[in-house]
Amino acid sequence: HLSLAGIQWFPFYFWGLYDLLKQEKFSWKPVLLAYIALFLIGLTSPYYVYMTVLITAIFVLGFFVFGGYRRLKEREFWKSLLLFGLMSTVLVGLAMLPYVRLDAQNGLTARSVEYVSEYSASPTDFVIPPIHHFLWGQWVDDRFSPEYWQEATLYIGAAAFLLGVFAWMKRKDSLHR
């Protein structure tokens, strides 16, 4: 999992994307931050580009659902978004070029959906504690022990869940809604 060494670009990308969505007047800073970070994600892993595009769609949809829909009428918003989209398409396309060429030479292994599904995370992998948990690990292992436990230990954690619930409950008291 050497590509995990390149996850530092994600915060920069979403920082730039969020600033791009929120900016009142056009500025190159968020456009360039998101653009360069997405290019660096592309240089790290094509899988990360795919996941970033999916998460970006959910992120942007959430932004619009929770009040950002007013931005759709602003010209500066569309200018920023269009510049980011065009510039990203070019550089991310260049980053993906070696993989496209390798695929054209039949150098990439094709895998069936069943094979990929076997090693992919399922929604339960984020909520079922790992079998090595000191409190309930044995209980989980007796009932839910996955065949590939390394791939299925994605438990977010009770502490993170409780902090998220607390933040959601206190959201009206915050200056940063």
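Laboratory data are not the source of any read-out in this text; all were calculated from the coordinates shown. This structure is a prediction, so every number in the text was calculated from the model and none was measured. Here the Cβ positions follow ideal geometry from the backbone for every residue, glycine too, while neighbour counts run over all protein chains shown.
Some notes on this structure:
- Once percent of Cα pairs over 30 Å apart is calculated for the structure shown, the corresponding label among [x] 54; [y] 38; [z] 24 turns out to be [y].
- When the C-alpha to C-alpha distance is required to be over 21 Å, the pairs from Lys25/Lys73; Lys25/Lys172; Lys22/Lys73; Lys73/Lys172; Lys22/Lys79 that qualify are Lys25/Lys172; Lys73/Lys172.
- Rounded to the nearest 500, the helix-only mean residue ellipticity at 222 nm of the chain stands at -20500 deg cm²/dmol, with each DSSP H run of n ≥ 4 adding -39,500 (n - 2.57).
- With loop membership from DSSP and a limit of 10 other Cβ atoms within 10 Å, the longest segment of the chain without chymotrypsin sites (Phe, Trp or Tyr not before Pro) is 67-133.
- Rough spin-label spacing in nm, given labels placed 7 Å along Cα→Cβ, for Leu102 and Tyr50: 1.3 nm
- Hz values of 3J(HN,Hα) by residue in the stretch 62-72 - Karplus curve (6.51, -1.76, 1.60), Gly and Pro given as x: x, 4, 6, 5, 9, x, x, 4, 5, 5, 4
- Note on the stretch 93-144: the C-alpha convex hull projects to 6.1 nm² when averaged across all orientations.
- Formal net charge of residues neighbouring Ala37 (Cβ-Cβ distance under 14 Å; K, R +1; D, E -1): 0
- The orientation-averaged shadow of the Cα convex hull for the stretch 53-93, equal to a quarter of the hull surface, comes to 3.0 nm².
- Across the chain, the mean sequence separation of Cα contacts (distance under 8 Å, 6 or more residues apart), normalised by length, yields a relative contact order of 17 percent.
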